[in-house]
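Peer 1: Pasting in a structure now, in structure tokens, and then I'll have a few things to ask.
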Amino acid sequence: MLGPPGAGKGTQAARVAESLSVPKVASGDLFRDHQARDTELGRLARTCMERGDLVPDDITIRMVMEWVEAHEGEGGFLLDGFPRTLAQAEALDREMVESGGIDRALYINVNTEELYRRLAGRWICRSCQTPCHEHSSPPAVAGKCDRCGGDLYQRDDDNAEAVQKRLGVFFKETEPLVQFYREAGILREVDGVGTVDGVGAALLETVAE
Ligand SMILES: [Zn+2]
């Protein structure tokens, strides 16, 4: 399952996996699990992250394939936000050549303005840390927390410039990946603007096709 930040991908991945009764995993879960177990792959990943580098594809792929093999015979699986790049998608295909590769690439499509509105509208209370959203859950008094009256502020990640940069990186990386799955005939795009239930139902329909 693929989708930009703000598309609700994590929520939908959990729902779809539950509806299909298949295990799901995100690469972040794998990094945390390997580090908690202090595996060789976990140590390699940690060294990269401590240097401020991205974890190389071959380490991520080995973690994913290990997880896939551990869940064989469970009727399938869902990868949440993986692969993230064309190189990872090609490596995943090579690794899965015997089992026929993946069946579907689901893409949650949300236009940039809507993503921007969702991501850049988040504010947090300086006193009690309660989040609110200027569009979906605006405070009763501008700039003040509904719960305690504290001042609201925006985290660095949520300011306009940071959001624009994050979305830019995502689309640049993902465009070739989406094209790769489109050419393979397995890409299914679902409109991610709607209710959580509506988007979830649309995703399940594309899996059942
Ligand atoms: Zn507060």
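The values are calculated or read from the model by the stated rules, or taken from the named source; none is laboratory data. What you see is a predicted model; the values in this text were computed from it and never measured. Positions of Cβ are backbone-derived with ideal geometry, glycine not excepted, and every protein chain shown enters the neighbour counts. Quick note on the areas: whole protein, heavy atoms, side chains included, nothing else; ligands and nucleic acids left out. Shrake-Rupley method; radii C 1.70, N 1.55, O 1.52, S 1.80 Å.
Peer 1: Restricting region 189-206 to residues that are open to solvent by less than 50 Å² (accessible area, probe 1.4 Å) and closer than 12 Å to residue 106 by Cα, which is nearest to the chain's Cα centre (by Cα)?
Peer 2: Applying the filter and picking the extreme gives 192.
Peer 1: Would you confirm, using the coordinates I've provided, whether residue 159 is of a type in the set (S, T, N, Q), at pLDDT 90 or above and within 23 Å of the chain's Cα centre (by Cα)?
Peer 2: So residue 159 fails the test.
Peer 1: Follow-up. Every residue in region 65-74 that is open to solvent by 50 Å² or more (accessible area, probe 1.4 Å) and assigned to a helix (DSSP H, G or I), please.
Peer 2: 66, 69, 70, listed by residue number.
Table: residues versus (1) out of contact with any Phe, Trp or Tyr (no Cβ under 9 Å at 6 or more places or on another chain); (2) surrounded by fewer than 15 Cβ atoms within 10 Å (Cβ to Cβ); (3) in a loop (DSSP other than H, G, I, E, B); (4) touching a residue at least 40 places away in the same chain (Cβ under 8 Å).
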| site | (1), (2), (3), (4) |
| --- | --- |
| 4 | no, no, yes, yes |
| 12 | yes, no, no, yes |
| 16 | yes, no, no, yes |
| 22 | no, no, yes, yes |
| 25 | no, no, no, yes |
| 45 | no, no, no, no |
| 52 | yes, yes, yes, no |
| 60 | no, no, no, no |
| 63 | no, no, no, no |
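Peer 1: Suppose we filter region 117-160 for residues that are under 23 Å from residue 80 (Cβ atoms), open to solvent by less than 80 Å² (accessible area, probe 1.4 Å), more than 16 Å from the ligand (Cβ to nearest atom) and free of Cβ contacts under 8 Å to residues at least 60 places away in the same chain; how many remain?
Peer 2: Residues that pass the stated criteria total 1.
Peer 1: A follow-up question, please. Which residue out of 163, 169 is away from the ligand (no atom under 13 Å from the Cβ), under 30 Å from residue 85 (Cβ atoms), open to solvent by less than 90 Å² (accessible area, probe 1.4 Å) and in contact with a Leu (Cβ under 8 Å, 6 or more places away or on another chain)?
Peer 2: 163
Peer 1: Right, next: For residues that are under 12 Å from residue 65 (Cα atoms) and open to solvent by 20 Å² or more (accessible area, probe 1.4 Å), tally how many sit in region 79-96.
Peer 2: The qualifying residues number 3.
Peer 1: Consider only pairs whose beta carbons are under 6 Å apart and that are at least six residues apart or on different chains; among these, list those whose first residue lies in region 73-88 and is more than 11 Å from residue 16 (Cβ to Cβ) and whose second residue is polar (S, T, N, Q).
Peer 2: 82/27
Peer 1: Within the set of pairs 6 or more residues apart or between chains, which connect a residue that is of a type outside the set (A, V, I, L, M) inside region 198-209 to a residue that is part of a helix (DSSP H, G or I) and open to solvent by less than 20 Å² (accessible area, probe 1.4 Å) with Cβ atoms less than 7 Å apart?
Peer 2: 200/12; 200/16
Peer 1: Which members of region 97-116 meet the condition of being among the charged types (D, E, K, R) and either buried (at least 19 other Cβ atoms within 10 Å of the Cβ) or at pLDDT below 90 (or both)?
Peer 2: Answer for region 97-116, where residues must be among the charged types (D, E, K, R) and either buried (at least 19 other Cβ atoms within 10 Å of the Cβ) or at pLDDT below 90 (or both): just 98.
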